[in-house]
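**Student:** Sending over a structure as structure tokens; questions will come in a sec.
The values are calculated or read from the model by the stated rules, or taken from the named source; none is laboratory data. Because the structure is predicted, anything quoted here is derived from the model rather than measured. In this analysis, Cβ positions are derived from the backbone assuming ideal geometry, glycine residues included, and neighbour counts consider all displayed protein chains. Please note that ligands, DNA and RNA were not included when accessible areas were found on the heavy atoms of the full protein model with its side chains. Shrake-Rupley method; radii C 1.70, N 1.55, O 1.52, S 1.80 Å.
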Amino acid sequence: RRSRRAPNPLTLAHNAAISELYVVLRMQSGQAGLRLVSFRREGDAREEFTTPDGKRHAIAPDATVVLGDAEERRLYAHVEIDLGTMSHTRLRTKLGQYLLYTERQAWRDARFEFQPALLFATTGTRRAGRFGRAAGSLARSKRWAGATSLRL
């Protein structure tokens, strides 16, 4: 009999947060006049794309959510949940991939009607503010001028 290592508490907390997001959307979206159409977790939400130079890239959101309203319109979002354990450098790297995804309009290949919103959920207002400022600065930089439709 082989013993298993204890699960990483941070991984468990992250998975619980993603599951909680699903439950909240499933149980409470009706209160906002919406319904949960689709909820894909990281493995199924991963989207690969290629840049004109032939390099392959990917975004791997923690979840991709599709909500529908009473008129059958769709609302799309890629969700990243940060429990405060990821470095700001790593978060900016992930954001860079989303900016590249936006610049290349790779969302069209995933058959979205329009670009999904990018939702970052984190542990507190201080961390969110710091990341928001860094993200805004990155998104406004000359390098990402073609990705201005990304909504932060």
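**Student:** Here are VAL65, VAL79, VAL24: which of them is out of contact with any strand residue (DSSP E or B) (no Cβ under 9 Å at 6 or more places or on another chain) and at pLDDT 95 or above?
**Tutor:** The conditions single out VAL24.
**Student:** A further question follows. Among the residues of region 25-33, is there at least one that is open to solvent by less than 90 Å² (accessible area, probe 1.4 Å), in contact (Cβ under 8 Å) with a residue 24 or more places away in the chain and assigned to a strand (DSSP E or B)?
**Tutor:** no
**Student:** With respect to LEU21, is the statement that it is surrounded by 16 or more Cβ atoms within 10 Å (Cβ to Cβ), more than 24 Å from PHE131 (Cα to Cα) and in contact (Cβ under 8 Å) with a residue 24 or more places away in the chain true?
**Tutor:** No: the conditions fail for LEU21.
**Student:** Taking the condition of being assigned to a loop (DSSP other than H, G, I, E, B), under 24 Å from LEU25 (Cα atoms) and open to solvent by 20 Å² or more (accessible area, probe 1.4 Å), how many residues in region 62-100 meet it?
**Tutor:** Of the residues in region 62-100, 6 are assigned to a loop (DSSP other than H, G, I, E, B), under 24 Å from LEU25 (Cα atoms) and open to solvent by 20 Å² or more (accessible area, probe 1.4 Å).
**Student:** Now for a separate question. So which of PHE49, PHE112 ends up being in contact (Cβ under 8 Å) with a residue 12 or more places away in the chain, open to solvent by less than 30 Å² (accessible area, probe 1.4 Å) and over 23 Å from LEU138 (Cα atoms)?
**Tutor:** Checking each option against the conditions leaves just PHE112.
**Student:** Tell me which residues, restricted to region 115-140, are over 27 Å from THR51 (Cβ atoms), without any contact (Cβ under 8 Å) to a residue 40 or more places away in the chain and surrounded by fewer than 14 Cβ atoms within 10 Å (Cβ to Cβ).
**Tutor:** Residues satisfying the conditions are THR125, ARG126, GLY129, ARG133.
**Student:** When you check PHE39 against the structure, is it of a type in the set (A, V, I, L, M, F, W, C), open to solvent by less than 70 Å² (accessible area, probe 1.4 Å), in contact (Cβ under 8 Å) with a residue 60 or more places away in the chain and not in a helix (DSSP H, G or I), yes or no?
**Tutor:** In short, no.
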